[in-house]
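Below is one structure, written out as structure tokens, with a few remarks after it.
The values are calculated or read from the model by the stated rules, or taken from the named source; none is laboratory data. Every value quoted in this text rests on a predicted model; they were computed, and no experiment measured them. In this analysis, Cβ positions are derived from the backbone assuming ideal geometry, glycine residues included, and neighbour counts consider all displayed protein chains. Please note that ligands, DNA and RNA were not included when accessible areas were found on the heavy atoms of the full protein model with its side chains. Shrake-Rupley method; radii C 1.70, N 1.55, O 1.52, S 1.80 Å.
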Amino acid sequence: MSGSYFPQWRLRQSTTDGQGAVIAADERLPAPQTLAMGVQHVVAMFGSTVLAPLLMGFDPNLAILMSGVGTLLFFLLVGGRVPSYLGSSFSFIGLVIAVTGYAGSGANANLGVALGGIIACGAVYAVIGLIVAGVGTRWIESLMPPVVTGAVVAVIGLNLAPIAVKGVSGSNFDSWMALATVLCVGFVAVFTRGMLQRLLILVGLLLAYVLYAVLANGLGLGKPIDFASVANAAWFGVPHFATPVFQAGAMALLAPVAIILVAENLGHIKAVSAMTGQNLDRYIGRAFIGDGLATMLSGSVGGTGVTTYAENIGVMAVTKIYSTLVFVVAAVIAILLGFSPKFGAVILTIPGAVLGGVSIVVFGLITVSGARIWVENKVDFSNNTNLIVAAVTLVLGAGDFTLKLGGFALGGIGTATFGAIILHALLKRRG
């Protein structure tokens, strides 16, 4: 039976039996515990999965819905063997804003152009997955060693930083409220424990939201939150689907994001392998294909590009529950939430200042996670190759260095990504 496509999911009666209270990917908990864990994973992915579409002018309801659909597709492609949740990717934000000219609030008027690019990215990602499934991952690890992947991840946060700061500079109240939001998230991160600490973005956002309502709605210090849309929204309805527009320039600009997603997913799968003690390398190609197809499917109806989520890997690290059936439950819950306009209306009441404050933290965390890759892999910066690759990549991305070839323009994240790969290939010492 071990040769079957899906595992048999042996039942474990509690999280405290057995060796080290670990629930493996091919095991399952009783239904009530599985449901509870599914809810916990939805809460863990919620903050980032909603934040990314809001920053790009996408429908957050649809993003939540497609995160669930994408997770189920991923589950099928990997045969239920790799525990992962697919949520909105932040790697697309800077480039989507660049190709659509999005102003930072409300719906994105040029959404279709971004969707065409997201589909192109998903296709490139899936093709890379097919190659990996055939020949393995060694060539990727050679092209993108830790010094490169760390720099690329850090660049995403640095490139997005001006967007976050600009978004909270509308008024003096907004600027102070953004800093208050940062403090809310910081206090949750430092002074709480357990799952509350794991959900620092979501809990911090809720605290800042309440503070904003008191100061703006109660004391009249800022633009009040309008709850009329929440009262008028239906409990059940279909989200706003959109049609992609295939524009060559936008597709060429967004397709290289696949390289970033590959580095991200590879790191996540290696992390899960280390935590579970199971070698998941043979599923990496299928994981890339699943993530790529999920991104294409999401983009084809108006959703964001998706990626495997570190937030949910963090939950697994805390709970030691790796059962892949938990992610099926989480995906179904997300799909149900996606069909609730009232849920979407609540999300859209989040003030821009609060959203901007959370963005400052999230983009900062992304930047630091790149440095963490260097630390964990003991990248040697006394080596001049590593030093030059990291230094040049960070400045290209942070400065949004753009290269133009005819009508095609490669923005800061793309330039930094390819620059890091090419620089390392040219400068690394052989033998």
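Sequence-ordered 3J(HN,Hα) estimates for the stretch 31-42 from the Karplus curve with 6.51, -1.76 and 1.60 and θ = phi - 60° stand at 3, x, 5, 4, 4, 4, 5, x, 4, 4, 5, 5 Hz, glycine and proline given as x. Could you estimate the translational diffusion coefficient of the stretch 228-292 from the Stokes-Einstein equation, with Rh from the Kirkwood formula over C-alpha pairs, at 37 °C and 0.692 mPa s, in whole µm²/s? It comes out at roughly 209 µm²/s. A Cα-only calculation for the chain places Rg and Dmax at 21.2, 68 Å. If you wrap the tightest convex hull around every Cα atom of the stretch 318-431 and split its volume per residue, you get 237 Å³. In a simple Cβ point-charge model (Lys, Arg +1; Asp, Glu -1; nothing else charged), the chain has a dipole of about 580 debye relative to its Cα centre.
Of all DSSP-defined beta bridges confined to the chain, some 65% are antiparallel rather than parallel.
Charges were assigned to the Cβ only: +1 to each Lys and Arg, -1 to each Asp and Glu. The resulting dipole of the stretch 274-431 about its Cα centre is roughly 280 debye. All alpha carbon pair distances within the stretch 112-180 were sorted into 5 Å bins beginning at 0; the resulting P(r) in whole percents reads 3, 13, 11, 13, 18, 13, 10, 8, 6, 4, 1, 0. Just 164, 391, 151 to compare: in a GNM of the chain, with alpha carbon springs under 10 Å, which one fluctuates most? Per the Cα network of the chain with a 10 Å cutoff, 391 tops the list. Mean separation of Cα pairs under 8 Å and 6 or more residues apart, divided by the residue count, gives the stretch 168-323 a relative contact order of 18 percent.
Looking at the stretch 182-331, the pairs of alpha carbons with a distance over 20 Å make up 68% of the total. For residue 302, the residues whose modelled amide H falls within less than 5 Å of its own, excluding neighbours fewer than 5 places apart on the same chain, are 242. For a straight C-alpha distance cut-off of 22 angstrom, the lysines reachable from residue 428 (same-chain residues fewer than eight places away being disregarded) are 378. The amide H of residue 89, built 1.01 Å from its N in the peptide plane, has 305, 306, 307 as neighbours under 5 Å, considering only residues 5 or more places off or on other chains. Each residue of the stretch 65-79 was assigned a 3J(HN,Hα) from its phi angle through the Karplus curve 6.51 cos²θ - 1.76 cosθ + 1.60 (θ = phi - 60°); the sequence is 4, 6, 5, x, 4, x, 5, 5, 5, 4, 4, 5, 5, 8, x Hz, with glycine and proline shown as x. Take the Cα coordinates of the stretch 31-88, assign each an equal point scatterer, and use the Debye formula without solvent to give log10 I(q)/I(0) at q = 0.15, 0.18, 0.23, 0.28 Å⁻¹. Summing over Cα pairs of the stretch 31-88 leads to -0.47, -0.66, -0.94, -1.13. Rounded to the nearest 500, the helix-only mean residue ellipticity at 222 nm of the chain stands at -21500 deg cm²/dmol, with each DSSP H run of n ≥ 4 adding -39,500 (n - 2.57). The heavy atoms of residue 184 offer some 20 square angstrom of accessible surface to a 1.4 angstrom probe.
Remark: the stretch 283-295, residue by residue, has Karplus-estimated 3J(HN,Hα) of 9, 5, x, 5, 5, 5, 4, x, 5, x, 5, 5, 5 Hz, where x stands for each Gly or Pro and the curve is 6.51 cos²θ - 1.76 cosθ + 1.60 at θ = phi - 60°. Rolling a 1.4 Å probe across all protein chains gives residue 283 an accessible area of roughly 20 Å². Bridgeable aspartates and glutamates around residue 270 (alpha carbons under 12 Å apart, same-chain partners fewer than 8 residues away excluded): 141, 281. For the chain, modelled as a GNM whose springs connect Cα atoms under 10 angstrom apart, the maximal fluctuation among 389, 96, 214 occurs at 214.
For the chain, with the dipole built from +1 on Lys and Arg beta-carbon atoms and -1 on Asp and Glu ones, taken about the Cα centre, which of 209, 103, 399 lies farthest toward the positive end? Sorting the options by dipole projection puts first 399.
Taking a straight Cα-Cα cut-off under 14 Å and skipping sequence neighbours fewer than 8 places away in the same chain, the aspartates and glutamates within cross-link reach of residue 223 are 174. Close amide-amide hydrogen proximity is noted between residue 321 and 23, each under 5 Å apart and 5 or more residues distant or on a separate chain (H modeled in the peptide plane; Pro and chain starts excluded).
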